[in-house]
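Data first, discussion second: the structure below is written as C-alpha cells.
The values are calculated or read from the model by the stated rules, or taken from the named source; none is laboratory data. None of these values were measured; they are calculated from a predicted model. Counting neighbours? That spans all protein chains shown, and the Cβs are built from the backbone with ideal geometry, glycine included. For accessibility, only protein heavy atoms count, side chains too; no ligands or nucleic acids. Shrake-Rupley method; radii C 1.70, N 1.55, O 1.52, S 1.80 Å.
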Amino acid sequence: MKKMKFNYFVFVMMGIGLIGMLYLIKRNSDFSESLIKIDKDKSYDIQVENAYNERGAYILNNKYFIASATSIIRNDYGNSNDKAIWRPKNAKFIPTISNISAPFRIHKEIDNDTVKIDKGNKTILLLMSDD
C-alpha cells in the first residue's frame, strides 16, 4: 500500500513538473517572438539602459534584439571587456556587441549594415552579421 501511494505521488509530481516546464517554454517563446529585430532595412536611435546576451541574440531594453555576432570594426576596443576564462592565452579576442555593457546609445541608418554605439565620449562602429 505504501509503495502504491509513493508511485502515485511520483506520478503527480512528474505531471506538475511537466506542466510547469511547458508553461515556462511557452512564456519564453512568447517573449522571444515579441522582440523587434534590428535589421538593415530600418533606422534606429535607441537609448539602451538594459542589455544582455541570450542564445545568440543581444537583447536591448527587453524590446529589441541584434545578433550577438555583430562585431566591432577596427581596433576600437576601448569599452569592450574580455572576461572569458575559457579562451586560450594565444587566441585572438574578437570583440562583439555583447562585450559592450549598457548603458549606451545605439544608432543605425536605413539600408546600412554599420551600427554606431555612443558610450561615454566614444563612438564604436560595429558591422552587423548576416545571421
Calc'd 3J(HN,Hα), segment 42-56, phi into Karplus 6.51 cos²θ - 1.76 cosθ + 1.60 (θ = phi - 60°), Hz, glycine/Pro = x, comes to 10, 9, 9, 8, 10, 8, 9, 9, 9, 8, 8, 9, 9, 6, x
Between SER34 and LYS2, the FRET efficiency computed from the C-beta separation at R0 = 35 Å comes out, to the nearest 0.05, as 0.15
Put GLU49, GLU54 in order of accessible area, largest first, probe 1.4 Å, and you get GLU49, GLU54
Karplus-derived 3J(HN,Hα) from phi for segment 111-118 (6.51 cos²θ - 1.76 cosθ + 1.60, θ = phi - 60°), whole Hz, x at Gly and Pro, runs 6, 9, 9, 9, 10, 10, 10, 9
For segment 99-108, in residue order, the Karplus 3J(HN,Hα) values (coefficients 6.51, -1.76, 1.60; θ = phi - 60°; whole Hz; Gly and Pro = x) are 8, 9, 8, 6, x, 7, 10, 10, 10, 8
Restricted to the chain, the DSSP antiparallel beta bridge percent, nearest 5, is 95
Options (1) 46; (2) 23; (3) 37 for percent of Cα pairs over 27 Å apart; the value derived from the coordinates is listed as (3)
Computed over the chain: longest principal axis from alpha-carbon atoms vs helix 2-34 long axis, angle to nearest 10 degrees, is 20
Computed, not fitted: 222 nm per-residue ellipticity of the chain from DSSP H runs ≥ 4 (each -39500 (n - 2.57)), nearest 500, equal to -9000 deg cm²/dmol
